[in-house]
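Engineer: Pasting a structure here, questions to come.
Taken together, the values in this text are just the output of simple stated rules run on the coordinates, not laboratory data. If you're wondering where the values come from, they're calculated on a predicted model, not measured in any experiment. Positions of Cβ are backbone-derived with ideal geometry, glycine not excepted, and every protein chain shown enters the neighbour counts.
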4 protein chains.
Amino acid sequence: MPELTLVSIVGGAGYVGGELLRLVLFHPHLRLSQVTSRRLAGKYIGMTHPNLRGVTAIQFAQPEDLAACDVLFLCLDHGESARSIERFSGLSPRIIDCSSDFRLRDAGVYEKWYQEEHPAPEWLGKFVYGLPELYREELTNAAYVSGVGCNATVVNLALAPLARSGMLKQVVADVKVGSSEGGAKHNAGSHHPERSGAVRSYKPTGHRHQAEVRQVLGNGFELSFSVTSVEMVRGALVTAHCFLKEVMEERAVWELYREAYGKEPFVRLVKQRTGIHRYPEPKHLAGSNYCDIGFEVDATRSLNHVVMIAALDNLVKGAAGSAIQSLNVMMGWDEMAGLRFPGLHPV
Amino acid sequence: MPELTLVSIVGGAGYVGGELLRLVLFHPHLRLSQVTSRRLAGKYIGMTHPNLRGVTAIQFAQPEDLAACDVLFLCLDHGESARSIERFSGLSPRIIDCSSDFRLRDAGVYEKWYQEEHPAPEWLGKFVYGLPELYREELTNAAYVSGVGCNATVVNLALAPLARSGMLKQVVADVKVGSSEGGAKHNAGSHHPERSGAVRSYKPTGHRHQAEVRQVLGNGFELSFSVTSVEMVRGALVTAHCFLKEVMEERAVWELYREAYGKEPFVRLVKQRTGIHRYPEPKHLAGSNYCDIGFEVDATRSLNHVVMIAALDNLVKGAAGSAIQSLNVMMGWDEMAGLRFPGLHPV
Amino acid sequence: MPELTLVSIVGGAGYVGGELLRLVLFHPHLRLSQVTSRRLAGKYIGMTHPNLRGVTAIQFAQPEDLAACDVLFLCLDHGESARSIERFSGLSPRIIDCSSDFRLRDAGVYEKWYQEEHPAPEWLGKFVYGLPELYREELTNAAYVSGVGCNATVVNLALAPLARSGMLKQVVADVKVGSSEGGAKHNAGSHHPERSGAVRSYKPTGHRHQAEVRQVLGNGFELSFSVTSVEMVRGALVTAHCFLKEVMEERAVWELYREAYGKEPFVRLVKQRTGIHRYPEPKHLAGSNYCDIGFEVDATRSLNHVVMIAALDNLVKGAAGSAIQSLNVMMGWDEMAGLRFPGLHPV
Amino acid sequence: MPELTLVSIVGGAGYVGGELLRLVLFHPHLRLSQVTSRRLAGKYIGMTHPNLRGVTAIQFAQPEDLAACDVLFLCLDHGESARSIERFSGLSPRIIDCSSDFRLRDAGVYEKWYQEEHPAPEWLGKFVYGLPELYREELTNAAYVSGVGCNATVVNLALAPLARSGMLKQVVADVKVGSSEGGAKHNAGSHHPERSGAVRSYKPTGHRHQAEVRQVLGNGFELSFSVTSVEMVRGALVTAHCFLKEVMEERAVWELYREAYGKEPFVRLVKQRTGIHRYPEPKHLAGSNYCDIGFEVDATRSLNHVVMIAALDNLVKGAAGSAIQSLNVMMGWDEMAGLRFPGLHPV
């Protein structure tokens, strides 16, 4: 039996940290060393993440007590990873940062979207974007990996084959998201009587994740991007209206996507002619690392118009799951290790 | 056309205050004078209560600017009504206080359940409990009326005929409630990702509303009372297991309840042998002032056991609606005035 | 006191029929004569529409027993109104048909979208499209009025001012809808374990209501139209990405919409810079006849891009409410008569 | 590596069958041989259970084509297992029947609760009740195992230590359940617009699972048992008001339950003084095999009154999970094998 790799998590009180905890605790090659939280130091993990009661007896550690480890996951608030990256890099040879600090390669783009100077621009070039489907080669043997934006990921995976084929002229992407995207801190808008049953325009325009879409898919097409909150805790679904340079038949779209994703362990093409679940749906993906992708070619074809539909769990494939999958790639392990939970039905 | 009665509301930012606003604005005999909120003074009502956008152009007033009026509704935090009751009584000849400050007649009982001395015990005897079904006579010409506890009300209306008949020996009442019972202030437990879809034991024992049940129904039976939060914003449903001194046939229960409530404008007996909606359900009552009551006699009858089931909207019949209904009684108006909205189906 | 107008409803078992019942029963100028349902004939209305228990003692009548009346509402399955229109027109001088049978003016367009010949094409020209905001003049003194498609209506009201201004070049409209749009008949996809919490692509392309949008707004712009079902019973919200021929400043959009809708009793412009409810949301509109409209101008303006957002209750403003409002216009009554319920908050 | 045990599932189209499929496909000692469904024969599993898309390429088989195997799970409609038990026992040396056919040991009790003669009473004595916490010894080396009722299980696990201690005098158990309890077939009551957000009295008295509670816990106490449907797909929570023969301090209850369940792999005692999740909650248990149990001793103690609270996933610990756990016991495997998924947070 091979030795286990020692993992620590900085910032384990939030939702991405909690999901990483779950994945690390059941991963065949990993052993959890420490998980920090300034606010919860000394408390048992199960008090905050009730699904982990009885699964581990570990307590939250003080951030100052963080020790050396083999892999360090950072789940900190925006800006904190960047400000302490020198310290963290001294503690672990491998860092996977789940925040948005190191996702963008260009400090100028970062400044434009986050309205502040990047705290550690010299580090931007050292990080690989942690989306194995599109950066697998770069991830192999990478030392520093960024997380991915959940909304960016559902859009990137939905569009990548079309974008890379050069066929895309214009995209209007409407993303529907659950409440866990907002994180673990409560506010007036997350108060249950206000948020329950809502269909609420969150960002009709100007969502920051567009910057990640542009970085990944390039500037070869026009992009409009809106985000609407719906009644759901986990999950994101994008309805992406794609206008193409030429007409594509359904069969051609199938082939393009099969070629791109046919061997991907966590991308499934979902398109049934009958049944209830004809297109991707986020609810069956809760807890799983799959991104399901489907589409419909506009029958009138007057517009060279295809609607791409993709769904994922924002906390797994859109965050902690892609991080673990990236680690699996970095370490040369089975890419599905620790990520095999398939979701539930019904749920 | 008769002159309108001038109403002001103290504390209009919360959920009961907002519901009172809705009811007052559409009441045929009332005119809204002022609505106060320290935090929101100067803001339009529709910013906080989006259903009232365009319905009124009134802005929240500073509490200090409260002027004289014909009827004053108080929707303040626990203890605040009692501490300022002298001031309020100088501004209006009629006060309806929706807090729990003046519901209990006995200062000792108040102290037991609220763990503090009552701030104005000399006022307790001046208030009438604002539940017209059980205190109609006392409400006629009353000057000071208390609100009612929402959970207390659904239990009181479910049990009153049995309790008054002397048949009750023991009751176990399990109340299921929505999130609006917790009020408009957000907290960790009301954060949508935590509260959505929850079935959460809120008060397995020791809920304060028991004191109101005892005051209304007396001490002639044993009472156990638990409250569980479920996925719902508005509404309360009680499942009350009643153990009787003697066996009662279904027909006898019917007769007892028909006699008690047959002429009540806002109590409906709901018990169908077929169909989807055989018993009371809170969701169709949202926004309405009805309390629906049904029951099932235990077919084995080994226990002299009847399950009473009652449902209402905690913000209407359990709060603002009963307050308006009490005002209608006080003023000698049609008791249904301003309270005719019947709820929606489906919803 | 003026004489009441006698109303009958054909097909009162479904959701639009039930909503019409509620609105008619509380309308100041209407008296309900009959409501028919073949399946439920002889049963009390409250058995099917539990919100109307105790409100009326009327029973469903056999369709054959339908008598003459002043206004006849038809809430039948697709095709049935058209097949029996001669008979119905013999019973009432005014007909408001809530189905899709008489919405389209052109028999060829009907055939294209409904894949069947229209059963009574000679009647198409006699009907006025029942959307008062856009057809008020035609509705005055009209005898035959069609209902409106709920998704069409939310899109039509969101876009009409822009479309009429000639500024629209392209629209991508993504509509989020609740489960009541599917009607009262259960099926595999409406089974609660499958439908609860779903974010389900219902019609990525090809939704029939597009035909109504084209008829109302013309062919001056490209239109893509997708419908996604979300967790909600009542309500529809459209996120409409509008690409304009020229850049429009926020102020210009405001002015255009204020001019178009400033005097409309049931259209509210909703756009707040702060607060929870900055854009229209369907949940506060449940039961109300309002259509709330907001927008965001894309700050980059690189695309001459405005996102219009509109919300309504599909069973009220999207069906029964617009029907009653149309009747109010036809009869010269106060246009808000019977439609003043403002919705609830929280809910 | 040991040889895998060959498993077949009869009746794999329903919700318990689907959940068994998920558990079997990821179980380290099992290999799925066949899964039958008359209606879906020839179709891929993933068409019906979308979470299993891409996980297996198996298709539903015709019931007639069922071959010999090592373990046979039966997930048939009520009565069908019993009518075909001779045939099934010829195909497999071990049978686990998830229906209610073989749960009760006494044909008379069966007849009383199911209003029909048992089709194979001679088989009743051969089956062991499949709840490892209470029948572990009998399950070791058992050949025939029954499933468990989900509501019965949450009540049995909540009460067993108290019942076995002889302290119980009377219990009133109110169970809150999700919609998946009703199975995969749609009906008028499961139609989403009717079922969504419901708090619906399902069985105020007379629920059949009481018979299982009596069989497991005996007749030493009075039992009242009501079931209420709430907005949730998976999950059951019981609020069990227990009246004791003597006063029990909180510490004594703790000790009793720790002694009973301290070594149980799938029972957790949940009782926190602070935090959001102070008592068991079903939502974090979705997909997991845990049963969480907590309690509150009535502070007044006037009634020797303890409220026991327990939660589980009705499809896992209340059905398929207990079946797999029973198999693990039968086969002498690690009892947690294939059942380690801990649930999600938030969800």
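Engineer: Hey, could you get me the Stokes-Einstein D for the range D:18-114, Kirkwood radius over alpha-carbon pairs, 20 °C and 1.002 mPa s, rounded to whole µm² s⁻¹? All intermediate terms of the calculation are to be shown ahead of the outcome.
Structural biologist: On the way: Rh = 14.7 Å.
Calculated translational D: 145 µm²/s.
Engineer: Ok, one more. Roughly how big is chain C's charge dipole about its Cα centre, with Cβ charges of +1 (Lys, Arg) and -1 (Asp, Glu), in debye to the nearest 20? Numbers along the way, then the final one.
Structural biologist: Working: 36 positive and 37 negative charges, 147 e Å.
Once rounded to the nearest 20, the dipole reads 700 debye.
Engineer: Taking 56 Å as R0, compute the FRET efficiency from the Cβ-Cβ separation of B:Q59 and C:K43 and round it to 0.05.
Structural biologist: Values: r = 49 Å, r/R0 = 0.88.
Plugging the Cβ-Cβ distance into 1/(1 + (r/R0)^6) gives 0.70.
Engineer: Still on this structure: Among A:K112, A:K283, rank each residue by its count of other Cβ atoms within 10 Å, from fewest to most, as a rough exposure measure. Working shown, then result.
Structural biologist: On the way: A:K112 12, A:K283 30.
If I rank by nearby Cβ atoms, fewest first, I get A:K112, A:K283.
Engineer: Something else: If we count every other residue with Cβ under 11 angstrom of D:V307's Cβ, Lys/Arg +1 and Asp/Glu -1, where does the sum land? Before the final figure, lay out each step's value.
Structural biologist: On the way: positive: B:K203; negative: B:D174, D:D174, D:E296, D:D298.
Net charge in that neighbourhood comes out at -3.
Engineer: Where the centroid of each part is defined by its Cα atoms, how far is the range D:280-320 from the range B:292-347 in Å?
Structural biologist: When both Cα centres are located, 30 Å separates them.
Engineer: What is the magnitude of the charge dipole of the range D:150-313 about its Cα centre, with +1 placed on the Cβ of each Lys and Arg, -1 on the Cβ of each Asp and Glu, and no other charges, expressed in debye to the nearest 20?
Structural biologist: Details: 20 positive and 17 negative charges, 34 e Å.
The dipole of the range D:150-313 has a size of about 160 debye.
Engineer: Between the range D:234-267 and the range D:95-118, what's the alpha-carbon centroid distance in Å?
Structural biologist: 28 Å
Engineer: Less than 16 Å apart at the alpha-carbon level, and either on another chain or at least 8 residues along: which aspartates and glutamates does that give for A:K263?
Structural biologist: Filter leaves A:E133, A:E137, A:E255, A:D292, A:D334, A:E335.
Engineer: Using packing as a proxy for protection, rank D:50-56, B:181-187 so that the peptide with the highest average count of other Cβ atoms within 10 Å comes first. Show your work: numbers first, answer last.
Structural biologist: Values: D:50-56: 21.9, B:181-187: 17.4.
So the peptides D:50-56, B:181-187, ranked by packing, come out D:50-56, B:181-187.
Engineer: Amide H of A:V199: which non-local residues (sequence gap of 5 or more, or other chain) have their own amide H closer than 5 Å, using H built in the peptide plane?
Structural biologist: Amide H neighbours of A:V199: C:K283.
Engineer: Then there is this: Got a sec to turn the phi values of the range A:57-67 into Karplus ³J(HN,Hα) couplings, 6.51 cos²θ - 1.76 cosθ + 1.60 with θ = phi - 60°, whole Hz, x for Gly and Pro?
Structural biologist: For the range A:57-67, the Karplus curve yields 9, 6, 10, 5, 9, 5, x, 5, 8, 4, 10 Hz.
Engineer: Follow-up question, since we're still on this one. Which distances, in nm and shortest first, link the C:E122 label point to the same label point in every other copy, taking 7 Å along Cα→Cβ?
Structural biologist: Spacings between copies for this position, smallest first, are 7.6, 8.7, 8.8 nm.
Engineer: Ok, one more. Using the count of nearby Cβ atoms within 10 Å as a rough guide to exposure, how do D:E249, D:E231 rank from fewest to most?
Structural biologist: Details: D:E249 10, D:E231 27.
The fewest-first ordering by Cβ neighbours comes to D:E249, D:E231.
Engineer: Compute from the Cα atoms of chain D the Rg and the Dmax, the latter being the longest Cα-Cα distance, and quote both in angstrom.
Structural biologist: 19.8, 63
Engineer: Taking the Cβ of A:L74 as the center, what net charge do the other residues with Cβ under 10 Å away carry, scoring Lys and Arg +1 and Asp and Glu -1?
Structural biologist: Values: positive: none; negative: A:E80, A:D97, A:D101.
For residues surrounding A:L74, the net value is -3.
Engineer: Can you find, among B:S196, B:L303, B:M248, the residue sitting farthest towards the positive end of the charge dipole of the range B:150-314, where Lys and Arg contribute +1 and Asp and Glu -1 at Cβ?
Structural biologist: Farthest towards the positive pole: B:S196.
Engineer: Which far-off residues, 5 or more places away or on another chain, put their amide H under 5 Å from the one on B:V270, with H placed in the peptide plane?
Structural biologist: Long-range HN contacts for B:V270: B:I293, B:G294.
Engineer: Where is the GNM fluctuation largest for chain C (alpha-carbon springs, 10 angstrom cutoff): C:V148, C:V306, C:V238?
Structural biologist: Per the Cα network of chain C with a 10 Å cutoff, C:V306 tops the list.
Engineer: Okay, moving on. Size of the range C:150-314 along its principal axes in angstrom, Cα-based, largest extent first?
Structural biologist: Principal extents (Cα only, largest first): 47, 33, 29 Å.
Engineer: How large is the charge dipole for the protein assembly as shown, taken about the Cα centre, if only the Cβ atoms of Lys, Arg (+1) and Asp, Glu (-1) carry charge, to the nearest 20 debye? List each step's numbers first, then the result.
Structural biologist: Values: 144 positive and 148 negative charges, 0 e Å.
That gives a dipole near 0 debye.
Engineer: Next question, about the same structure. Summing +1 for each Lys or Arg and -1 for each Asp or Glu, what net charge is found among the other residues whose Cβ lies under 10 Å from the Cβ of B:A319?
Structural biologist: Values: positive: B:K317; negative: B:E19, B:E181, B:D313.
Local charge sum for B:A319: -2.
Engineer: As a check on your grasp of the helix formula, calculate [θ] at 222 nm for chain A: sum -39500 (n - 2.57) over DSSP H runs of n ≥ 4, divide by the residue count, round to the nearest 500. All intermediate terms of the calculation are to be shown ahead of the outcome.
Structural biologist: Details: 11 runs with 94 residues, N = 347.
One gets -7500 deg cm²/dmol as the mean residue ellipticity at 222 nm.
Engineer: Looking only at other chains, what is the average number of their beta-carbon atoms within 10 angstrom of each beta-carbon in D:313-325?
Structural biologist: Numbers: counts 2, 0, 5, 1, 0, 0, 0, 0, 0, 0, 0, 0, 0.
For this peptide, the per-residue mean of nearby foreign Cβ atoms is 1.
Engineer: Once amide H atoms are placed 1.01 Å from N in the peptide plane, what residues at a sequence separation of 5 or more from B:G206, or on another chain, have their amide H within under 5 Å of its amide H?
Structural biologist: The list, which skips near neighbours in sequence, is B:F225.
Engineer: Considering the Cα trace of the range A:181-243, what is its radius of gyration and what is Dmax, both in angstroms?
Structural biologist: Spelled out, the Cα radius of gyration and Dmax of the range A:181-243 are 14.1, 43 Å.
Engineer: Got the C:D334 label distances to the other copies yet, label 7 Å along Cα→Cβ, in nm, shortest first?
Structural biologist: 1.4, 7.2, 7.3
Engineer: Partner chain Cβ atoms within 10 Å, averaged over the residues of A:16-28 - can you pull that number for me?
Structural biologist: Numbers: counts 0, 0, 3, 3, 0, 1, 5, 0, 0, 2, 3, 0, 0.
Counting Cβ atoms of other protein chains within 10 Å of each residue's Cβ and averaging gives 1.
Engineer: Moving on. Apply the Karplus parameterisation 6.51 cos²θ - 1.76 cosθ + 1.60, with θ equal to phi minus 60°, to every residue of the range D:292-302 and state each ³J(HN,Hα) to the nearest whole Hz, in sequence, with x for glycine and proline.
Structural biologist: 3J(HN,Hα) across the range D:292-302, in whole Hz: 8, 10, x, 6, 9, 7, 5, 4, 6, 6, 5.
Engineer: Still on this structure, I have one more. For a test of the definition: using alpha carbon positions, the gyration tensor, and the 1.5 limit on a/c, classify the protein assembly as shown as rounded, prolate or oblate. Display every interim value, and only then the final one.
Structural biologist: Details: a/c = 1.34, a/b = 1.06, b/c = 1.27.
Because its axes are fairly even, with a/c under 1.5, the protein assembly as shown counts as rounded.
Engineer: Another one. For the range A:150-314, what is the percent of antiparallel DSSP beta bridges, rounded to the nearest 5? Kindly include the intermediate steps, with their values, before the conclusion.
Structural biologist: Working: 26 of 37 bridges.
The answer is about 70 percent antiparallel.
Engineer: Under the definition of partner shielding as Cβ atoms of other protein chains within 10 Å of a residue Cβ, what is the mean value for peptide A:205-213?
Structural biologist: Values: counts 11, 4, 0, 0, 0, 1, 0, 0, 0.
Shielding by partners across A:205-213 averages 2.
Engineer: With contacts defined as alpha carbon pairs under 8 Å and 6 or more residues apart, what's the relative contact order of the range A:164-295 in percent? Show your work: numbers first, answer last.
Structural biologist: On the way: 185 pairs, mean separation 41.8, N = 132.
Computed value for the range A:164-295: 32 percent relative contact order.
Engineer: So the label point sits 7 Å from Cα along the Cα-to-Cβ vector; using that for C:N141, what distances do you get to the other copies, in nanometres, sorted shortest first?
Structural biologist: The answer, with the shortest distance listed first, is 5.9, 8.6, 9.7 nm.
Engineer: Kindly identify the range C:274-331 as rounded, prolate or oblate by the Cα gyration tensor criterion: order the square roots of the eigenvalues as a ≥ b ≥ c, call it rounded if a/c is under 1.5, otherwise compare a/b with b/c, prolate if a/b is larger, else oblate. Each step should come with its number before you reach the end.
Structural biologist: Working: a/c = 3.76, a/b = 2.03, b/c = 1.85.
Prolate shape, in that a/c is at least 1.5 and a/b is the bigger ratio.
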